[in-house]
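S.K.: This is the structure I want to talk about, given as structure tokens.
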Amino acid sequence: MDATLGLPVLTILIAVALLFDFLNGLHDAANSIATIVSTRVLRPQYAVFWAAFFNFIAFAVFGLHVANTIGTGIIEPAVVDATVIFAALVGAIVWNVITWALGIPSSSSHALIGGLVGAGMAKAGISAAVWSGLTKTLLAIVLSPLVGFLLALVLVAIVSWLSVRSTPFAVDRAFRILQFASASLYSLGHGGNDAQKTMGIIAVLLYSQGHLGDTFEIPFWVVLACQSAMALGTLMGGWRIVRTMGLRITKLTPMQGFCAETGGAATLFIATYLGVPVSTTHTITGAIVGVGAARRLSAVRWNVASSIVYAWVITIPASAAVAAATYWIVQILK
């Protein structure tokens, strides 16, 4: 791939980026709807429409801080060329497809970050990384599920105390209604954080080709295209991972579903405001484990939770390895 691309090649690369965004929505649909489906507040076919709508409108609520971090804060913009972007996307897509097929809720976000790091370092070595931004992102791998866990735990305690004089039937009915609000907030946070990652990829590609002038920015058509691809992917479901997230980790009631979604949404809102590309998968998993542990530690299927953690640990190195291999293959074939 040449340093300066023709329109057809550039269009194909943008299409590959949007394919990743679509798969991100497909893969992470479970994050938005697992709790509201598993508590039987909404049927799956209605839940995906609900989540897709709030995924799409997220751009109207949040700024583009995360997109700027991905575009300029993971690897040096000067290192970016068409081959690096292509290899990064292949690394992320391959890992997403593997984990989706196995029903493992790994992080699409960190697959993309791993792809960028792997492709960037394959081209320019260790100096390709922007360590300040990368360190912030790696720290979020640990903090996002922990914050989600703690917020959900605190919410369960507060809600349980406030509901102590209510009958179980009244509590269940109230939180079935409230789950519509909490699911909306979580889907909003998911669309706000995750879709921005692909925006950053497309924008840095356009910037590297001189289409944005001297200033890095996110064109509005890129915003709309990424939000649409994410929403369309969410509409397609991702039921294997819904089952893992909503049923296999712990059994959820509407009250617990509300606390998990609200705790996860709060974490995503904070991260998106700060421009930190966190994993929505990590966040909601931590929150679900938190509400399960609030009931009793044995309510959480720790063997399932631990297998998810293993997937988290290997996501960045696995996608980085695929991206690096793709970069070298492309270089050989040139």
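S.K.: Identify all residues within segment 200-226 that are farther than 21 Å from H110 by Cβ and open to solvent by less than 20 Å² (accessible area, probe 1.4 Å); write none if there are none.
M.R.: L206, V222, V223
S.K.: Among the candidates A3, A34, single out the residue that is at pLDDT below 75 and not in a helix (DSSP H, G or I). Give the derivation first.
M.R.: On the way: A34 fails: not in a helix (DSSP H, G or I).
Within the list A3, A34, the selection yields A3.
S.K.: Moving to a separate point now. Among the listed residues A47, A52, identify the single one that is open to solvent by less than 70 Å² (accessible area, probe 1.4 Å), touching a Leu at 6+ places or on another chain (Cβ under 9 Å) and modelled with pLDDT under 85. Can you show your working first?
M.R.: Values: A47 fails: touching a Leu at 6+ places or on another chain (Cβ under 9 Å).
Checking each option against the conditions leaves just A52.
The values are calculated or read from the model by the stated rules, or taken from the named source; none is laboratory data. Small disclaimer: the values here were computed from a predicted structure and weren't measured. So basically every Cβ, Gly included, is an ideal-geometry build from the backbone, and we count neighbours across all protein chains shown. The accessibility values were calculated without ligands, DNA or RNA, using every heavy atom of the protein model including side chains. Shrake-Rupley method; radii C 1.70, N 1.55, O 1.52, S 1.80 Å.
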